[in-house]
Structures are given as C-alpha cells and as structure tokens.
Amino acid sequence: MNSSATPSRDRIKIFDTTLRDGEQSAGASMTFDEKIQVAEILDAMGVDVIEAGFPIASQGDFEAVSEIARRLHDAVPAGLARAATKDIDRAAEALKNARAFRIHTFISTSPVHMKYKLQMEPEAVLEKVFASVSRARTHTDDVEWSAEDATRTEHDFLCRCVEAAIKAGDTTINIPDTVGYTTPEEYRALFEMLINRVPNADQAVFSTHCHNDLGMAVANSLAGVMGGARQIECTVNGLGERAGNAALEEIVMAIRTRADAFPFTTGIKTPMLTQASKLVSTVSGFPVQYNKAIVGKNAFAHESGIHQDGMLKHVETYEIMRPEDVGVRETNLVMGKHSGRHAFREKLKDLGYDLGDNAFEQAFERMKALADRKKHVYDEDIEALVEDGIVSQAEGAKVIALTVIAGTGGPQKAIITMDVDGHHVTKEANGTGPVDATFNAIKAILPHEAKLSLYQVHAVTEGTDAQAEVSVRLEEEGRVATGRGADVDTLVSSAKAYVAALNKLSIRRQKASEPTAEGVEAVRVGERI
C-alpha cells in the first residue's frame with residue numbers, strides 16, 4: 001500500500017475517547033447522567049466511534065457503556081478491554097444492545113512495558129495478541145487492537161504483532177503514542193514502515209492515538225494521517241490523563257482550514273465544537289484556558305489596535321477561520337432588563353440551548369435578576385446562568401440565602417440557609433476566611449468527610465460586576481465529584497459550587513455498588529493505553 005498522501009480527499013474517521021481516556025484525568029470523573037449528555041452531543045456532532053468506557057473496570061462503567069450503546073443513533077459505540085477473555089466478554093455484554101459495536105482490546109508491546117508491567121516474554125505477548133483479537137471476533141466483526149506504548153516498541157516485533165492481529169480478524173490497528181514521546185517525523189515514518197512492511201496491512205484501517213506530554217499530540221496525529229492512518233483518536237478539549245490527549249477540535253479544524261496541506265475530510269459538524277467543549281468543561285470541572293486554540297474564550301478576540309484595524313478592513317488579516325464555523329457568535333451586549341421572552345428564547349437558541357418551558361422561565365427570571373445587578377449581560381453570562389440553573393435543578397440540597405461577615409475586625413462568619421429535602425435549614429459558622437466560613441456553615445447542615453482538592457475562581461466576563469464562576473472538587477473514599485456555580489457574588493457562587501459537588505457525592509454514595517471481582521482487578525492493575 002502506498003502511504004503517500006494523494007490529492008483525493010480521503011475520509012478520516014474520528015474516534016472520540018473523552019468518556020474513557022478523557023475521564024482518566026485526575027478529578028475528571030463524570031456521573032452516569034453526565035456521560036449520557038456527552039455521548040449524545042458527540043453522536044449529534046458526527047463522531048464516528050465513541051469509546052464509552054472500560055466495562056470491566058466497575059459496575060458503574062458497565063452500566064454507562066450499556067446505556068450509551070443503546071442510545072446512540074449514528075456513532076458506533078466501543079468498549080475497552082485488556083487482552084483477557086473476561087474483559088472482552090464483559091465489553092461485549094455491555095455493548096450488546098447497540099445497532100453495531102466495536103470491541104477495543106490492547107496489550108503492551110514495548111520492552112519496558114513487557115518486562116516491568118506485564119512481566120511477559122515477547123512470544124507470550126504475541127500469542128495474547130492473536131488470542132484476544134480472535135476472542136473479540138466471536139462477538140463482532142468490528143475489532144480494534146492497540147499496541148500500548150507502540151512508539152517505544154522495536155519495529156520488527158511491532159510488525160509481527162500487527163500482522164498477527166490482522167490475521168486473527170482485526171479491522172482497525174491503533175498505534176498509540178502512549179506516553180507522548182514521539183515527534184511528527186518519527187510518527188509518520190512509523191506508519192509508513194508498518195503499512196509497507198506488514199504483508200496484510202491493506203486489510204485494516206490504521207489509527208493514531210497521541211498523548212500530549214511534549215505538546216505535540218495534535219501535530220503527531222496529523223503526521224500519522226499523512227503516513228497512512230485513516231482514523232484519529234482524540235478527546236474534546238484534549239482532556240486526558242497527565243498532559244491530556246490530542247484535541248478533537250484542533251484536529252478537525254486543522255484538516256478543514258488547511259485542506260491544501262491535509263487533503264482529507266471528517267464527518268464532524270464543526271459549528272457544534274464550542275457547545276461540546278463547554279459541556280465537557282462543565283461536567284469534568286476542567287475549565288478551558290482562555291487562549292486554547294479553537295474553543296478558548298480569546299480564540300477569536302482581538303485587543304491589539306493594529307489587529308483591530310486590520311480586522312475592520314478585512315477579517316482575513318488576522319482570522320484564518322470564521323467564528324461561526326466552530327459555533328462562536330460575536331454578539332455581546334444584547335440582553336438586559338428590558339429584554340422580552342421572545343428575544344431571550346432566540347438568544348438561547350443562538351447559544352445552543354433548547355430548554356423546556358419550566359427551565360426557560362427559570363432561566364429568564366435569573367437573567368432578569370442578573371440584569372438588575374450588573375450593567376451588561378454578555379453571552380458568557382447567559383451561558384453561565386443557564387448551566388448553573390441546570391445544576392440547581394438536580395436532586396439534592398440547594399442554597400437559598402447566604403450572609404457573610406468578613407474584614408479585619410473580627411472572625412469571619414457565614415450564615416447560610418439551605419433547602420434540604422423540602423425544609424429550610426439555617427446554620428452559621430466561623431472560618432479563617434469568608435470562603436472557609438461559608439464551607440463550614442454548609443458542612444454544619446450537610447456533615448461529610450470529603451476533602452477539598454480544588455477551589456478555582458474565574459470571572460465569566462470583564463469588569464468589577466462580572467459573574468464569578470467557581471469550580472470545586474471534592475474527594476471522599478476514592479470518589480471524586482466536581483461542582484460549579486456562577487453568580488455576581490463570588491461567595492454565593494462558591495456556596496453553589498460546593499453544594500453541587502456534595503450533591504454529586506451523595507448520589508454516588510446511594511448508587512455505589514460492589515464492583516465485580518474482575519472490576520477490582522481491572523482498577524488495581526490500572527492498565528491504560
């Protein structure tokens with residue numbers, strides 16, 4: 001097979017692993033309902049394959065994969081499995097209600113992984129490759145095999161493993177840069193070598209899977225495609241363990257914007273990229289950096305006078321993409337206290353929200369209240385208050401009122417009133433600061449032993465009257481929950497975020513069940529691509 005790029009615009013499959021590899025980010029665990037939300041927007045956006053999870057890891061992961069597999073309309077659901085019969089069978093069981101599904105099995109192939117992690121000889125690993133793919137093929141004809149740590153694997157052995165996987169019936173060969181070690185030139189050459197040397201290489205689709213430890217995940221992924229890969233594995237916002245994965249939105253827009261350099265197409269509906277980014281940021285608790293490519297707040301902002309002058313004369317002087325192509329709108333000062341329901345509903349549609357009547361009325365009242373408290377209501381303000389409203393409608397306790405006494409003259413004190421199971425409860429507490437006092441008062445109403453592992457504040461818009469958006473991450477007995485809140489009062493948004501995280505922890509306690517013996521082993525081993 002000739003790996004050189006041709007003028008034809010080959011179709012690149014987008015394999016999204018936000019729900020599996022992305023969720024492995026420390027503190028990024030998502031609830032069952034949040035995973036469903038993310039899967040549905042990825043499906044609507046045109047993602048080809050959605051890796052929904054690691055079914056054997058826990059009962060919760062199994063149930064999420066099963067429900068996602070049942071709900072997807074167009075995307076193919078995939079489940080991850082180690083090279084073990086119990087893993088593969090568990091994945092097949094979770095995916096069985098899908099129209100069609102993929103089993104993604106993997107094993108390490110690099111000398112360092114085989115010696116220290118697997119403690120297996122190369123020949124035993126090779127046997128596992130063939131056996132695991134053969135087992136997966138008894139459940140589906142769509143099987144993907146991955147060579148974990150492929151970029152640090154000896155070429156001769158990698159060729160033997162790839163040949164064995166395809167011979168066993170594998171249809172997608174993934175060559176992951178598991179530790180973000182390779183460079184674009186090396187990665188392209190690796191695909192060219194495999195496609196030219198492996199006798200049956202033309203019987204499978206080759207795939208990239210790049211981590212960002214050296215900041216080259218997107219560049220490496222695109223180089224892999226130039227070397228012959230026709231599937232890219234990636235995550236929304238580049239979410240993933242350590243430094244993250246290749247970012248879906250950057251890959252897709254690079255292919256779209258530089259068609260001259262990358263003669264390929266994807267099936268992604270790019271105007272949904274910003275909406276997907278915001279959802280993943282919300283449910284993971286990982287804010288998107290302002291200068292993040294494609295979906296960052298400043299990606300289409302121009303402050304320099306020279307840049308502004310150029311933009312006014314011709315937008316292409318400083319913008320290589322249209323904001324609307326990724327779902328960004330340029331309108332800002334539109335909503336206010338005199339705005340009506342019709343205008344507000346249209347604004348919500350423009351921002352990608354489709355709310356039911358009750359949720360719309362609640363959002364409208366919150367917008368009116370916000371407009372009375374600050375001069376300008378920006379798009380970002382509206383997005384924050386809608387998302388905050390979605391959180392507040394979830395099961396659990398709610399913040400009703402908060403009074404905080406702070407300053408240099410005495411102890412910091414907070415008095416909070418909350419709705420708990422339909423009853424208003426008021427408590428007060430002292431603290432080393434206003435936030436500490438607020439959290440102590442909440443703890444007096446909702447006793448817990450959770451540890452605060454993240455407290456982060458950022459302004460949604462500019463100005464002293466800007467809304468503050470707070471992210472809080474709590475950890476308790478191995479469970480991690482993230483809550484977010486937005487308000488023009490930083491302490492109120494802090495209280496909302498803290499309570500939202502506690503509500504999630506409470507739900508997880510109630511839904512927690514003992515994992516299977518295999519699940520315990522999977523979590524203990526902790527093998528990752």
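The values are calculated or read from the model by the stated rules, or taken from the named source; none is laboratory data. Given the structure is predicted, the values throughout are model-derived calculations rather than measurements. Heads up, the Cβs are rebuilt from the backbone with ideal geometry, glycines too, and the neighbour counts pull from every protein chain shown.
For LYS86, are the conditions met, namely being of a type in the set (Lys, Arg), under 18 Å from the mean Cα position of the chain (by Cα) and farther than 17 Å from SER146 by Cβ? Taking the combined requirement at face value, the residue does not satisfy it.
Condition check ((1) under 19 Å from CYS161 (Cα atoms); (2) touching a residue at least 12 places away in the same chain (Cβ under 8 Å); (3) in contact with a strand residue (DSSP E or B) (Cβ under 7 Å, 6 or more places away or on another chain); (4) crowded, with 23+ Cβ neighbours inside 10 Å) across all residues:
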residue: ILE68; (1), (2), (3), (4): no, yes, yes, yes
residue: VAL76; (1), (2), (3), (4): no, yes, yes, no
residue: LEU80; (1), (2), (3), (4): yes, yes, yes, yes
residue: LEU95; (1), (2), (3), (4): no, yes, yes, yes
residue: LYS128; (1), (2), (3), (4): yes, yes, yes, no
residue: SER132; (1), (2), (3), (4): yes, yes, yes, yes
residue: HIS139; (1), (2), (3), (4): no, yes, yes, no
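For the range 148-191, how many residues are of a type outside the set (Asp, Glu) and more than 15 Å from GLY224 (Cα to Cα)? Counting residues in the range 148-191 that are of a type outside the set (Asp, Glu) and more than 15 Å from GLY224 (Cα to Cα) gives 17. Is there a residue being among the aromatic types (Phe, Trp, Tyr), buried (at least 17 other Cβ atoms within 10 Å of the Cβ) and at pLDDT 75 or above anywhere in the range 360-369? Scanning the range 360-369, I find at least one residue that is among the aromatic types (Phe, Trp, Tyr), buried (at least 17 other Cβ atoms within 10 Å of the Cβ) and at pLDDT 75 or above, so the answer is yes.
Let's see how each residue does on (1) at pLDDT below 85; (2) surrounded by 20 or more Cβ atoms within 10 Å (Cβ to Cβ); (3) not in a strand (DSSP E or B):
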| position | (1), (2), (3) |
| --- | --- |
| GLU449 | no, no, yes |
| LEU454 | no, no, no |
| GLY483 | yes, yes, no |
| ALA501 | no, yes, yes |
| ARG508 | yes, no, yes |
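When the range 171-190 is filtered for residues that are surrounded by fewer than 18 Cβ atoms within 10 Å (Cβ to Cβ) and polar (S, T, N, Q), only THR183 remains.
Within the range 417-440, the residues that satisfy the criterion of being surrounded by 15 or more Cβ atoms within 10 Å (Cβ to Cβ), closer than 16 Å to ALA401 by Cβ and among the polar types (S, T, N, Q) are THR417, THR438. Scanning the range 295-302 for any residue that is outside any loop (DSSP other than H, G, I, E, B) and either modelled with pLDDT of 75 or more or under 26 Å from VAL47 (Cβ atoms) (or both) turns up nothing. Based on what the data block shows, is GLU233 assigned to a helix (DSSP H, G or I), surrounded by 22 or more Cβ atoms within 10 Å (Cβ to Cβ) and either outside the structural domain of HIS155 (by TED's automatic domain parsing) or not hydrophobic (A, V, I, L, M, F, W, C) (or both)? No; evaluated as a whole, the condition is false for this residue.
Would you check if LYS86 is modelled with pLDDT under 95, assigned by TED's automatic domain parsing to the domain that holds ASP48 and more than 23 Å from ALA229 (Cα to Cα)?
Numbers: modelled with pLDDT under 95: no; assigned by TED's automatic domain parsing to the domain that holds ASP48: yes; more than 23 Å from ALA229 (Cα to Cα): yes.
Here the answer is no, as LYS86 does not meet what is asked.
Scanning the range 454-493 for residues being touching a Gly at 6+ places or on another chain (Cβ under 6 Å) and either more than 25 Å from ASP379 (Cβ to Cβ) or not assigned by TED's automatic domain parsing to the domain that holds ILE400 (or both) gives a total of 2.
Sort through GLY169, GLY180 and tell me the only one that's part of a loop (DSSP other than H, G, I, E, B), farther than 28 Å from MET272 by Cβ and modelled with pLDDT of 95 or more.
Details: GLY180 fails: farther than 28 Å from MET272 by Cβ.
After ruling out the rest, the residue left standing is GLY169.
Within the range 441-454, residues that are within 23 Å of SER29 (Cα to Cα) have Cβ atoms under 7 Å from residues that are assigned to a loop (DSSP other than H, G, I, E, B) in these pairs: LEU446/ALA397; SER453/GLY27; LEU454/GLY27, counting only partners at least 6 apart in sequence or on another chain. Selection of the range 247-271 for residues being crowded, with 20+ Cβ neighbours inside 10 Å, in contact (Cβ under 8 Å) with a residue 60 or more places away in the chain and among the charged types (D, E, K, R) yields only GLU249.
Looking for whichever is touching a Gly at 6+ places or on another chain (Cβ under 8 Å) and of a type in the set (A, V, I, L, M) here; the options are VAL129, VAL143, VAL162. Which one fits? Before the answer, list the steps.
Numbers: VAL129 fails: touching a Gly at 6+ places or on another chain (Cβ under 8 Å); VAL162 fails: touching a Gly at 6+ places or on another chain (Cβ under 8 Å).
The match here is VAL143.
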